[in-house]
Amino acid sequence: MWSSRNSVILSSICTKVVIVLVVASAIALPIMLNNGILDQARLITADYIRANLGVFYAACVPALIALFFLDRLIANIKKEDIFIKTNITALRVISWACFVAAIVFIVGAFLSDSMGFWLVAVVCAFIGLILRVVKNVFDAAVRIKDENDFTI
């Protein structure tokens, strides 16, 4: 039977896999470009990737920061430390990382005239906004919890 504990473990594993994939793609992409591996690609050309490699690397920074704090958040949930200030900080950092990624993709959209970058920027900003609301809910819950802990 699937449990919430299994879900948290799966989330932790998926987060770590995505971290590895981001780092691996940042290392492998230039190698693949230099060796001509992407020249046979039909959907995205190697020239397009070369032109937008800066946007990719700039977006990797907030992505890795968000993934690191997401992993910390999941670790706290695994320890059943839910409504704590550390989780609020993690949600805050993740949301700001989403907003920074949105700015990176907006700049990339202006530099390359790519509609895809506009779409990704909107999605990043939307996720950042949702996370800000969730952070505010957690913040209120922590204040209520702290108040209840001091009540006799």
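Among K78, K135, the order by Cβ neighbours within 10 angstrom, fewest to most, reads K78, K135. Counting beta carbons within 10 Å around each of C124, C14 and listing the fewest first gives the order C14, C124. Could you work out the helix-only [θ] at 222 nm for the chain, with each DSSP H run of four or more residues adding -39,500 (n - 2.57) and the total divided by the number of residues, to the nearest 500 deg cm²/dmol? That comes out to -29500 deg cm²/dmol. Once C-alpha pairs closer than 8 Å and six or more residues apart are averaged by separation and normalised to the residue number of the stretch 4-150, the relative contact order reads 23 percent.
Ordering T151, T86 by the number of other Cβ atoms within 10 Å of each residue's own Cβ, fewest first, gives T151, T86. For the chain, a simple Cβ point-charge model (Lys and Arg +1, Asp and Glu -1, everything else neutral) yields a dipole of about 220 debye relative to the Cα centre.
Read-outs throughout are calculated quantities, based only on the coordinates presented, and are distinct from any laboratory measurement. In this text, all values refer to a predicted model and were calculated from it rather than measured experimentally. Virtual Cβ from ideal backbone geometry, glycine too; neighbours counted across all protein chains shown.
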